[in-house]
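**Student:** Got a structure for you, written out below as structure tokens; questions coming shortly.
The values are calculated or read from the model by the stated rules, or taken from the named source; none is laboratory data. This is a predicted model, so every value here is computed, not measured. So basically every Cβ, Gly included, is an ideal-geometry build from the backbone, and we count neighbours across all protein chains shown. Note: accessible area is taken over every heavy atom of the protein model, side chains too, but ligands, DNA and RNA are not part of it. Shrake-Rupley method; radii C 1.70, N 1.55, O 1.52, S 1.80 Å.
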Amino acid sequence: MGFIAFLKTQFIVHLLIGFVFVVSGLIINFIQLCTLVLWPINKQFYRRVNCRLAYSLWSQLVMLLEWWSGTECTLFSDEATVNTFGKEHVIIILNHNFEIDFLCGWTMTERFGVLGSSKVLAKRELLYVPLIGWTWYFLEIVFCKRKWEEDRDTVIEGLKHLADYPEYMWFLLYCEGTRFTETKHRISMEVAESKGLPKLKYHLLPRTKGFTTAVQCLRGTVSAVYDVTLNFRGNKNPSLLGILYGKKYEADMCVRRFPLEDIPQDEKEAANWLHKLYQEKDALQEMYNQEGVFPGQQFKPPRRPWTLLNFLFWATVLLSPLFTFGFGVFASGSPLLILAFLGLVGAASFGVRRLIGVTEIEKGSSYGNQEFKKKE
């Protein structure tokens, strides 16, 4: 094991990376709070500023994937589709099978210049998660309780507010509503059977309300829907902790572009279109499992240096005073100060671990786990 590879496995290094992310995130959140005064003066300038502040935080996670772990991301698509990336407002549909599927998506948004302005339909619980939810709040992310009767007006209002967004945005939808697990899949297929819908092997039954509402509200703003099917070579199931330990993965992403005018305006027909799309996604996964590749040309968009430079900036700004302070504490010889400092380090470690836990499948929400009662 080389020295760099050895460093990637050390807890103290992980703690320092976490410290930089957490403290820089709190600083960014404070700056975002201050930018609220810009909203009544110049809403579009407020949005552009917050896109760049969000980029400064999210790109640190992208840096871990691209530069720290060296994970490779390959696109399977066609040249005409790839040439549209970063040049139009779009809705992204991504399968939700892996702990780091969001991070692979962010990597692509970074390489095509839309990381800071990327959006998502997120569960409301995340609004109260420091850094993640707070940053999303200032980005006008649409939050929902995943109970359509309560969410309908909130989601429609939030989507309509994005109609004049000044930066190209990729609006991510996890139409399955929750991460894939065997238990959720079994229950989901019971629902499919009760509704007379074809069963899926690799996906949960898509929830259509969020998709049809997004298409209706963003028509005239969004140009297309990108369907993205993600898999990892070697049947790997990567985790954020694995990325932190420097493990390298190879992600393959099949991307298909559907012009928005090809999607029916009628809600029921649009829902049927989505169900058909997921049947096609299932066939793509089956092909990948059998052949190890998706159909289409292969593209490897080059990683950009900005994620690494951004992290190095924050590391320089934050770690220098930390080391100076730590040295002063131990040099003082005061047991009370030393214990307080170690307690602070322990609290930081706990906080970083809790943030990582948000991505772990086994700690995911119970949404979709309810036994077959409602037959929604």
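**Student:** How large is the convex hull of the Cα atoms of the chain per residue, expressed in Å³ as a whole number? Numbers along the way, then the final one.
**Tutor:** Numbers: hull volume 59.7 nm³, N = 376.
That works out to 159 Å³ per residue.
**Student:** Of Leu64, Gln44, Phe11, which is farthest on the positive side of the dipole of the stretch 1-117, counting Cα position, with +1 on Lys and Arg Cβ, -1 on Asp and Glu Cβ, and the Cα centre as origin?
**Tutor:** My answer, from the dipole projection, is Gln44.
**Student:** Across 10 Å bins from the origin, how do the percents of Cα pairs in the stretch 1-64 run, short distances first?
**Tutor:** Calculated over all Cα pairs of the stretch 1-64, the distribution is 19, 37, 23, 13, 7, 1 percent.
**Student:** Put a dot 7 Å past each Cα toward the Cβ at Lys160 and Ile41; how far apart are the dots in nm?
**Tutor:** The answer from the label model is 2.9 nm.
**Student:** Something else: To test your reading of the geometry: what angle, between 0 and 90 degrees and rounded to tens, separates the Cα axis of helix 11-35 from the longest principal axis of the chain?
**Tutor:** 70
**Student:** Report, in degrees rounded to the nearest 10, the 0 to 90 angle that the Cα long axis of helix 101-111 makes with the longest principal axis of the chain.
**Tutor:** Result, in degrees: 80.
**Student:** Around Cys73, under 14 Å between beta carbons, what's the net of Lys plus Arg minus Asp minus Glu among the other residues?
**Tutor:** Charge balance near Cys73 sits at +1.
**Student:** Using a 1.4 Å probe, what is the accessible area per residue for the chain, in Å²?
**Tutor:** 48
**Student:** Further, regarding this structure: Treat the stretch 1-118 as a sphere of radius equal to its Kirkwood radius over Cα pairs and apply Stokes-Einstein at 20 °C in a medium of 1.002 mPa s; give the translational diffusion coefficient in µm²/s, rounded to a whole number.
**Tutor:** Here the translational diffusion coefficient equals 129 µm²/s.
**Student:** Still on this structure, I have one more. Rounded, prolate or oblate: pick one for the stretch 63-130, where a ≥ b ≥ c are the square roots of the eigenvalues of its C-alpha gyration tensor, a/c under 1.5 means rounded, and failing that, prolate if a/b is larger than b/c, else oblate.
**Tutor:** Judged from the Cα gyration tensor, the stretch 63-130 comes out oblate (a/c at least 1.5, b/c at or above a/b).
**Student:** Non-local amide H neighbours of Phe180 (under 5 Å, H modeled in plane, Pro and chain starts lacking H): which ones?
**Tutor:** Under 5 Å from the amide H of Phe180 lie the amide H atoms of His96, Asn97, each far enough along the sequence or on another chain.
**Student:** Mind checking the dipole of the stretch 97-159: about its Cα centre, +1 per Lys or Arg Cβ, -1 per Asp or Glu Cβ, Debye to the nearest 20?
**Tutor:** 40
**Student:** Here's something else I'd like to know. Based on DSSP, what percent of beta bridges with both residues in the chain are antiparallel, to the nearest 5?
**Tutor:** Of all bridge pairs located within the chain, approximately 40 percent are antiparallel.
**Student:** Given a Förster distance of 41 angstrom, what is the FRET efficiency for Val293 paired with Lys268, based on the Cβ-Cβ distance and rounded to 0.05?
**Tutor:** 0.70
**Student:** Mind listing the phi-derived Karplus ³J(HN,Hα) values for the stretch 182-187, rounded to whole Hz, using 6.51, -1.76 and 1.60 with θ = phi - 60°, and x for any glycine or proline?
**Tutor:** After applying 6.51 cos²θ - 1.76 cosθ + 1.60, I find 4, 5, 5, 5, 4, 5 Hz.
**Student:** While we're looking at this one, here's another question. Can you tell me which of 33-44, 259-270, 306-317 comes out highest on packing, and rank the rest after it, using the mean Cβ neighbours within 10 Å?
**Tutor:** Peptide ranking by packing, descending: 306-317, 259-270, 33-44.
**Student:** Quick one: with all protein chains in place, what share of the accessible area of the stretch 73-169 is carbon or sulfur, to the nearest percent (1.4 Å probe)?
**Tutor:** Values: 1930 of 3660 Å².
The C+S portion of the solvent-accessible surface of the stretch 73-169 is 53 percent.
**Student:** May I ask for the angle, rounded to the nearest 10°, between helix 208-218 and the longest principal axis of the chain, with both axes built from Cα atoms and the value confined to 0 to 90°?
**Tutor:** The two axes meet at around 80 degrees.
**Student:** Same structure again: Given a cut-off of 20 Å, name the pairs among Lys87/Lys281; Lys248/Lys281; Lys199/Lys276; Lys123/Lys268 whose C-alpha atoms lie farther apart than that in the structure shown.
**Tutor:** Lys87/Lys281; Lys248/Lys281; Lys123/Lys268
**Student:** Please name whichever of Phe98, Phe138, Ser188 sits farthest to the positive end of the charge dipole of the stretch 88-220, dipole taken about the Cα centre and charges placed at Cβ: Lys and Arg +1, Asp and Glu -1.
**Tutor:** Ser188
**Student:** So, one more: Nearest 20 debye, what's the magnitude of the dipole of the chain about its Cα centre given +1 on Lys and Arg Cβ and -1 on Asp and Glu Cβ?
**Tutor:** Roughly 660 debye, rounded to the nearest 20.
**Student:** Which residue fluctuates most in the GNM of the chain (Cα springs below 10 Å): Gln60, Gln298, Gln290?
**Tutor:** Greatest mean-square fluctuation among the candidates belongs to Gln290.
**Student:** Here's something else I'd like to know. In deg cm²/dmol and to the nearest 500, what is the mean residue ellipticity at 222 nm of the chain if only DSSP H runs of at least 4 residues count, each as -39500 (n - 2.57), divided by the residue total?
**Tutor:** About -16500 deg cm²/dmol.
**Student:** Also: Can you compute the charge dipole magnitude of the stretch 125-201 about its Cα centre, using +1 on each Lys and Arg Cβ and -1 on each Asp and Glu Cβ, nothing else charged? Give it in debye, rounded to the nearest 20.
**Tutor:** Here the size comes out at about 460 debye.
**Student:** Of the heavy-atom accessible surface of the stretch 188-236 (probe 1.4 angstrom), what whole percent is carbon and sulfur? Numbers along the way, then the final one.
**Tutor:** Values: 880 of 1930 Å².
For the stretch 188-236, the apolar C and S fraction of the accessible surface comes to 46 percent.
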